[in-house]
1. Run the numbers for L93 and E17: contour at 0.36 nm per residue of separation, minus the present Cα-Cα distance, in nm.
2. Kirkwood Rh and Cα-based Rg: tell me the resulting Rg over Rh for the chain, rounded to two decimals.
3. Considering the options L31, T43, S62, tell which one lies farthest towards the positive end of the dipole of the chain, charges being +1 on Lys and Arg and -1 on Asp and Glu at the Cβ, about the Cα centre.
4. Can you tell me the dipole magnitude for the chain around its Cα centre, using point charges on the Cβ only (Lys, Arg +1; Asp, Glu -1), in Debye to the nearest 20?
5. Per residue of the range 82-94, in order, report the coupling 6.51 cos²θ - 1.76 cosθ + 1.60 (Karplus, θ = phi - 60°) as ³J(HN,Hα) in whole Hz, putting x for Gly and Pro.
6. At a probe size of 1.4 Å, how large is the accessible area of M106, to the nearest 10 Å²?
7. Give the carbon-plus-sulfur fraction of the accessible surface of the chain in %, rounded to a whole number; probe 1.4 Å, heavy atoms of protein chains only.
8. For R6 and Y28, what does the FRET efficiency come to when R0 = 30 Å and r is the distance between their Cβ atoms, rounded to the nearest 0.05?
Amino acid sequence: MFANDRSIDNLEALFKEVKKYIELQGQYIKLDLVEKLTVLLSTLILILILIILSMMALFYFSFMLVYALAPFVGSLIGGYAIIGGVVLLLAVLIYRMRKQWIFQPMVHFLARLFLDESTPKK
């Protein structure tokens with residue numbers, strides 16, 4: 001089958017090229033994973049920062065609303081009760097809608113990030 005040296009050289013060259021291709025594919029997979037993990041971690045950090053800032057804003061706005069409601073309700077305690085009830089209702093609403101508002105968008109984001117075959121960038 002391999003009567004001359006030329007076909008053996010061709011086979012050796014093919015083997016070297018296949019080996020090089022496999023090594024390059026491994027490097028590509030590593031780089032792709034690093035890119036996707038970077039996007040994921042930066043998104044998580046951004047969300048964490050936004051949640052912290054939103055909680056601080058909610059804290060100050062709730063105090064502002066308490067003092068704004070105090071003259072209408074008659075006391076600070078009534079204002080605190082109303083704002084506490086509103087925040088509690090908001091927490092229950094978020095808990096009830098967690099699949100639509102939190103889990104599904106997170107699943108879609110992660111699926112797009114890790115499962116979609118992106119076209120090569122030019």
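1. Values: separation 76, 0.36 × 76 = 27.36 nm, distance 5.91 nm.
In short, 21.5 nm is gained.
2. Details: Rg = 29.4 Å, Rh = 20.4 Å.
Rg divided by Rh gives 1.44.
3. The Cα lying farthest towards the positive end belongs to S62.
4. Details: 12 positive and 9 negative charges, 84 e Å.
That gives a dipole near 400 debye.
5. Running phi through 6.51 cos²θ - 1.76 cosθ + 1.60 with θ = phi - 60° gives 5, 5, x, x, 5, 5, 5, 4, 5, 5, 5, 4, 5 Hz.
6. 90 Å²
7. Details: 8000 of 10950 Å².
Answer for the chain is 73 percent, counting heavy atoms of protein chains only.
8. On the way: r = 32 Å, r/R0 = 1.08.
So, using R0 = 30 Å, E works out to roughly 0.40.
The values are calculated or read from the model by the stated rules, or taken from the named source; none is laboratory data. Since we're looking at a predicted model, the values are computed, not measured. Note: ideal-geometry Cβ built from the backbone for every residue, glycine included; neighbour counts use all protein chains shown. Just so you know, the surface numbers come from the protein's heavy atoms only, side chains and all, with ligands and any DNA or RNA stripped out. Shrake-Rupley method; radii C 1.70, N 1.55, O 1.52, S 1.80 Å.
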